[in-house]
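Peer 1: Can you read through this structure? Questions will come right after.
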Amino acid sequence: MKDRSRKPQDQPLIDKSTIEMRYNQINPNEPDDGLDIRFSHVHLYVDEVCETSAYKEFEYSLNLFHENYDEMTAGEGTDEVKESGHLSVDVGRRLWQSITKQNMDDNNSMEDFASHGRDVVKQLIAGFGFRVTGCHTTPHTNTVVVTSKDPNGIQIIVSAMKRDGGNDVDVEEANAAVEDNDYHHFDPSNITRFYQAHSKRQGIAVLAFEVKHSLEGIFQRYAEHHPELVPKEFKNGPVVYDNEARIFEVFAYYKGEKGTSSADEGTMLRFIEPIIGAANTCKLPGVVSVDASFSHCHPAFFDHWVSNVISRTEFLDTLKDTLYFTPKVDFNAGVVAAGEAQIESTVTGNTSSLNAEDGSSALSDQSQIYLPINNALTRVGHVHGFLEEIGQGVQHIASRVDDIISFVQEANDRRKIFGEGFTFLNIPRSYYGVLTKEMLRKGLDNIKDSSGKKSDDVLSLECAHAIFEVCAAEGVLLDDSSVDLDISGSTIQKILDSKISLDHKEEYLQNREEVVEIILHSRYVNMYNLLRNHLSEKSYIAIVRNQILVDVQTDDLLFQIFTSNILQRKPQDESPFFEFIQRVCSECLGPDGCPKKVKPGCGGFGIRNFLTLFLSIEVTKAMLAASNAKRDGKKNEYEFAKRKVQLFTDQLNESNPLLTEISEAMTKEGRARDEIMLSYKEGRKEDATVWEHVAEKEATAKSLANDLLMECNMKYQRLMRELRESQEGIMLTDRECES
């Protein structure tokens, strides 16, 4: 069968959209040589890394800030506010200014924060409370290791040439420097090679795994099945660093198809087999430990690493041949389409033997590897742009945290206080909920009731219309019909009491309390329909305010958020980003009445949010284009960008209920297949037959919803194409008039 992922075309090469969950793909007869593999670290190559002492001075100022802030605010605020991680921005900015003698009005305003042109190490230190815990220096390079407060959690290694404008490197001098360095992975030539293969861009250059007693087998399989991917330095096998570790490195991707193309010399995979008794927490040989003092830092752990590639199936085959990784989930074109842009994605990985006793163990486990892999199907959109602009590579790094609401709230507050850190992708408010006249008319009982039973309407359509118009006119509603997050119920009531027309006042007053509650509830109505009473109103509002995404599979929850691009030199450059998630695993009992073991990856991979991610990337880019066009007085470009934002938002609104149906059907189908396996294993053939019917029913429901999603995506593909063609016509006319 021809591989559709090989080459993007002007039109999507698809005839039917499918989402497929894969079960038990590992062949029990296939040898795995006892492969014990886990996440180790990611290695970034960037334009500049400061001396370690400079980062330590920055950390000292931040720790001093937190000490003083805690003293200043002791006894203030509620326990709930303190637990949320919320900081007073006004108090914090004044304190930070007094510590640093920095004028916070100069290039540090909350509104003017720019994600591009930043030092990613300082971003991690200020934004998330991470610290530099290791370093390595050569005559030509600086390297630091950045971690969260858990030494066994994520490790982000960052290296750069010791040169101003690190993207402009003397290749001959760098290659000659190899002899000055005892550790090959810190050779300057690695940085120059990556930059040359990566369009001279910064990036996430190495994905590193720790293995035990299986490095030789990995080398043998690469040498046998994929010798083109083995660099010359490792043709004879792993490199041994006495008393530290053995290391084997390979190129991650082919430029095209195996047998007809050479290795892509950009991204690499690194395998580390530590020597028993090696002292350092960071297992990469040559790293020197650095003392670090953490303040207000959440532990974070790798969850999955995502690549954008030309040939998705080729990378999948390579990982299967060498690491015995097998596909877990397919997100095909029906799920991931934003306007004209369409991609396919497959999550592959190992099958961990983890049997976590509780959520804490599942949080910190690093033995379950998930590697989502994307390829573009059309010549527009983020993945295609990434591949065209910088080549194949790591799109983003996803990590787990224990409390994402406080993690993100604190990151947003820190950015506003310190003028350093991260912004996050823009998620349309309609994802969470907006007010409609229909909601006002139906009332809370109908809005909240998931049983399908209908209660009597609360308001007449005319009164609902009048209330809605007052809210819109008086600033209760924003332009997209979402309710102001900072407005109180008493303020809404005062506005309606004074502005509602006499024709509808009596009806309004009879239902005033419920009307106000409906308006406030609309801020997160979509989230409530997913999670019901599992969260408090304050938690819901924090999710909306911080633009956190939510997904549900069975009783498991997945919270997600994506940073804006990192390692950008200029706005709108394609570049990687970070994702942070929280997996909330349901507490289920087994047949014996004891709690079931927590399974890795509970909550899935955000099936509902996969489309939201790509739509939000496009929305963020369109919003930036609109802002730039408005600033430059380019009216046509401004209107075009605004219409793009609206189309992407409309697509999200129309797709969301379909994605929910698909997610629920997939979850039920997966549960049924688990029961089928268990029934056969225990000799209950009649039960297995019943569950087979359930699986078939849910598979059919999934397919029907999937077809509707495809129709929706095709509709917006057409609308976006028409908008683009219209804009091209306007621009052509303008050029003709100018000439």
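Peer 1: When you go through (1) under 19 Å from THR667 (Cβ atoms); (2) at pLDDT below 85 one by one for ILE581, which number turns out not to apply?
Peer 2: Condition (2) is where ILE581 drops out.
Peer 1: In this structure, does LEU435 turn out to be buried (at least 20 other Cβ atoms within 10 Å of the Cβ) and modelled with pLDDT of 90 or more?
Peer 2: yes
Peer 1: If you go through region 364-372 one residue at a time, do you hit one that is outside any loop (DSSP other than H, G, I, E, B), at pLDDT 95 or above and open to solvent by 20 Å² or more (accessible area, probe 1.4 Å)?
Peer 2: No, the conditions are met nowhere in region 364-372.
Peer 1: Counting just the residues of region 254-269 that are modelled with pLDDT of 95 or more and over 14 Å from ARG193 (Cβ atoms), which one comes out surrounded by the most Cβ atoms within 10 Å (Cβ to Cβ)?
Peer 2: TYR254
Peer 1: How many residues are part of a strand (DSSP E or B) and at pLDDT 95 or above if we restrict to region 305-340?
Peer 2: 4
Peer 1: Of the conditions (1) closer than 20 Å to ASP303 by Cα; (2) open to solvent by less than 10 Å² (accessible area, probe 1.4 Å), ALA376 clears all except one; give me its number.
Peer 2: (1)
Peer 1: Go over the candidates LEU440, LEU459 one by one and state the one that is more than 30 Å from PHE580 (Cα to Cα) and outside any helix (DSSP H, G or I).
Peer 2: Testing whether each residue is more than 30 Å from PHE580 (Cα to Cα) and outside any helix (DSSP H, G or I) leaves just LEU459.
Peer 1: Given the criteria open to solvent by less than 70 Å² (accessible area, probe 1.4 Å) and on the phi > 0 side of the Ramachandran plot, does GLY683 qualify?
Peer 2: For GLY683, the condition - open to solvent by less than 70 Å² (accessible area, probe 1.4 Å) and on the phi > 0 side of the Ramachandran plot - is met.
Peer 1: Let me ask something else. Taking the options LEU535, LEU496, name whichever one is hydrophobic (A, V, I, L, M, F, W, C) and under 21 Å from GLY443 (Cβ atoms).
Peer 2: LEU496
Peer 1: Can you work out which of the residues in region 648-659 that are open to solvent by 30 Å² or more (accessible area, probe 1.4 Å) and not acidic (Asp, Glu) is nearest to ASN426 (Cα to Cα)?
Peer 2: The residue in question is ASN653.
Peer 1: What do you reckon, is SER481 of a type outside the set (Lys, Arg), in contact with a Leu (Cβ under 6 Å, 6 or more places away or on another chain) and open to solvent by 20 Å² or more (accessible area, probe 1.4 Å)?
Peer 2: yes
Peer 1: Of the numbered conditions (1) open to solvent by less than 10 Å² (accessible area, probe 1.4 Å); (2) under 21 Å from ARG721 (Cβ atoms); (3) at pLDDT below 80, GLU618 satisfies every one except a single condition; which is it?
Peer 2: Status for GLU618: all satisfied but (1).
Peer 1: Out of SER703, SER663, which single residue is closer than 21 Å to THR612 by Cα, of a type in the set (Ser, Thr, Tyr) and over 25 Å from the mean Cα position of the chain (by Cα)?
Peer 2: SER703
Peer 1: Open to solvent by 30 Å² or more (accessible area, probe 1.4 Å), in contact (Cβ under 8 Å) with a residue 24 or more places away in the chain, part of a loop (DSSP other than H, G, I, E, B) and over 24 Å from TRP305 (Cβ atoms): which single residue out of ASN243, ASN236 fits that description?
Peer 2: None of the other options fit; the residue is ASN243.
Peer 1: A further question on this structure: Looking at (1) loosely packed, with under 14 Cβ neighbours inside 10 Å; (2) in contact (Cβ under 8 Å) with a residue 24 or more places away in the chain; (3) more than 29 Å from GLY339 (Cβ to Cβ), find the lone condition where GLU696 falls short.
Peer 2: Against the list (1) loosely packed, with under 14 Cβ neighbours inside 10 Å; (2) in contact (Cβ under 8 Å) with a residue 24 or more places away in the chain; (3) more than 29 Å from GLY339 (Cβ to Cβ), GLU696 comes up short only on (2).
Peer 1: So for region 9-30 (the condition being surrounded by fewer than 17 Cβ atoms within 10 Å (Cβ to Cβ), in contact with a Gly (Cβ under 6 Å, 6 or more places away or on another chain), modelled with pLDDT under 95 and not basic (Lys, Arg)), does at least one residue qualify?
Peer 2: no
Peer 1: Among the candidates GLU228, GLU216, GLU224, which residue alone is open to solvent by 20 Å² or more (accessible area, probe 1.4 Å) and either assigned to a strand (DSSP E or B) or touching a residue at least 24 places away in the same chain (Cβ under 8 Å) (or both)?
Peer 2: GLU228
Okay, residues lined up against (1) closer than 20 Å to ARG545 by Cα; (2) open to solvent by 60 Å² or more (accessible area, probe 1.4 Å):
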residue	(1), (2)
ASP503	no, yes
ASN511	no, no
ILE518	yes, no
SER522	yes, no
LEU530	yes, no
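Peer 1: Further, regarding this structure: Of these, ILE397, ILE343, ILE390, ILE405, which one is farther than 28 Å from ILE37 by Cα and at pLDDT 95 or above?
Peer 2: ILE390
Peer 1: Let me ask something else. Is it fair to say SER406 is polar (S, T, N, Q) and either out of contact with any strand residue (DSSP E or B) (no Cβ under 9 Å at 6 or more places or on another chain) or in a loop (DSSP other than H, G, I, E, B) (or both)?
Peer 2: Considered against the rule, which asks whether it is polar (S, T, N, Q) and either out of contact with any strand residue (DSSP E or B) (no Cβ under 9 Å at 6 or more places or on another chain) or in a loop (DSSP other than H, G, I, E, B) (or both), SER406 comes out as yes.
Peer 1: Helices (runs of 4 or more DSSP H) wholly in region 495-567 with at least 1 residues that are under 20 Å from SER616 (Cα atoms) and touching a residue at least 12 places away in the same chain (Cβ under 8 Å) - which ones?
Peer 2: Hits in region 495-567: 525-531, 537-545.
Peer 1: Within the set of pairs 6 or more residues apart or between chains, which connect a residue that is closer than 20 Å to HIS41 by Cα inside region 290-312 to a residue that is part of a loop (DSSP other than H, G, I, E, B) and hydroxyl-bearing (Ser, Thr, Tyr) with Cβ atoms less than 9 Å apart?
Peer 2: So the pair list comes out as PHE294/SER148; CYS297/SER148; HIS298/SER148; PRO299/SER148; ALA300/SER148; PHE301/SER148; SER307/TYR253; SER307/THR267.
Peer 1: Which one of the conditions (1) within 27 Å of LEU567 (Cα to Cα); (2) modelled with pLDDT under 90; (3) among the charged types (D, E, K, R) does LYS122 fail to meet, given that it meets all the rest?
Peer 2: Failing condition for LYS122: (2).
Peer 1: Name every residue in region 373-387 that is modelled with pLDDT of 90 or more and outside any strand (DSSP E or B), in order of residue number.
Peer 2: Residues satisfying the conditions are VAL383, HIS384, GLY385, PHE386, LEU387.
The values are calculated or read from the model by the stated rules, or taken from the named source; none is laboratory data. Treat the numbers as computed from the prediction; the structure is a model and nothing was measured. Positions of Cβ are backbone-derived with ideal geometry, glycine not excepted, and every protein chain shown enters the neighbour counts. We work out accessible area using only protein heavy atoms, side chains counted, and drop any ligands, DNA or RNA first. Shrake-Rupley method; radii C 1.70, N 1.55, O 1.52, S 1.80 Å.
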